[in-house]
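The values are calculated or read from the model by the stated rules, or taken from the named source; none is laboratory data. This one's a predicted model, so the numbers in the text were calculated from it and none came from an experiment. We place every Cβ from the backbone using ideal geometry, glycine too, and count neighbours over all the protein chains shown.
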Amino acid sequence: MKIGGFAKELYFLAIIFIVFYVTFNILMPFFLGVDNPIATVNGPSMEPTFHDGDLVILAGVRPEDIKVGDVIVYSASWAGGEDVIHRVVSIEERGGTYLFRVQGDNRETNPVPDPGYVTPDEIRGKVIVGGIPMAGRLLSIVQSLPGRVTVMALLASLLIKDYVDYKRKSESGGPRDAGEPTLLES
């Protein structure tokens, strides 16, 4: 028995959802060695390299592999634990522990390095792909509660519209999808 148009769309949406979920929540974290490999640039501190709303992709990194000039994402205690995306400007080693000084690329908004040192346990990862324009902003919107509700409402309305169209066609005796059984065949 072949699957009709409405059911086919439901299966297609389910497969797309599963592929995205597995990719972003299982495969990327596994292969990149970081729990959450995606971050969003907030503010102008990294301009002109990255812009507000850009999406960056991170990879896990050992402290000894970080070099001056690398861009890292770290949990900034001076910013209430918020993630900050800045460039490493100097590295010190004290008692076997690496300490990193970081600073945004925009010297107008960041004329001096960030306060204090970044320790290895504050580092989420090193930016390996960056500057995907506005993708981070879109992701932030979709991940918010109003964004999720809006996306779910749009998907539900599309499915309802398709279902209503499907029912109208089948009740009016209109054209059916190829291979769709008639009432006598089911």
Can you find, within segment 6-20, the residue that is farthest from Val71 (Cα to Cα) among those that are touching a residue at least 60 places away in the same chain (Cβ under 8 Å) and aliphatic (A, V, I, L, M)? Leu10
From Leu154, Leu145, Leu158, Leu184, residue being over 18 Å from the mean Cα position of the chain (by Cα) and modelled with pLDDT of 80 or more: Leu154
Val102 vs. criteria surrounded by 15 or more Cβ atoms within 10 Å (Cβ to Cβ), touching a His at 6+ places or on another chain (Cβ under 9 Å) and part of a strand (DSSP E or B): yes
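So that you can scan it fast, the table gives a plain yes or no per residue for (1) under 24 Å from Pro29 (Cβ atoms); (2) in a strand (DSSP E or B); (3) modelled with pLDDT of 90 or more:
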site: Tyr74; (1), (2), (3): yes, yes, yes
site: Glu92; (1), (2), (3): no, yes, yes
site: Pro113; (1), (2), (3): no, no, yes
site: Asp121; (1), (2), (3): yes, no, yes
site: Gly130; (1), (2), (3): yes, yes, no
When every residue in segment 118-129 that is over 18 Å from Glu93 (Cβ atoms) and surrounded by fewer than 19 Cβ atoms within 10 Å (Cβ to Cβ) is compared, the one farthest from the chain's Cα centre (by Cα) is Ile128
For segment 21-75, enumerate the residues that are in contact (Cβ under 8 Å) with a residue 60 or more places away in the chain, among the β-branched types (Val, Ile, Thr) and under 15 Å from Glu122 (Cα atoms). Val34, Val61, Ile66
Pairs please, first residue from segment 110-124 and in the same structural domain as Arg62 (by TED's automatic domain parsing), second anywhere and of a type in the set (D, E, K, R) and in a strand (DSSP E or B), Cβ atoms under 6 Å, 6+ apart in sequence or on different chains. Pro113/Arg101
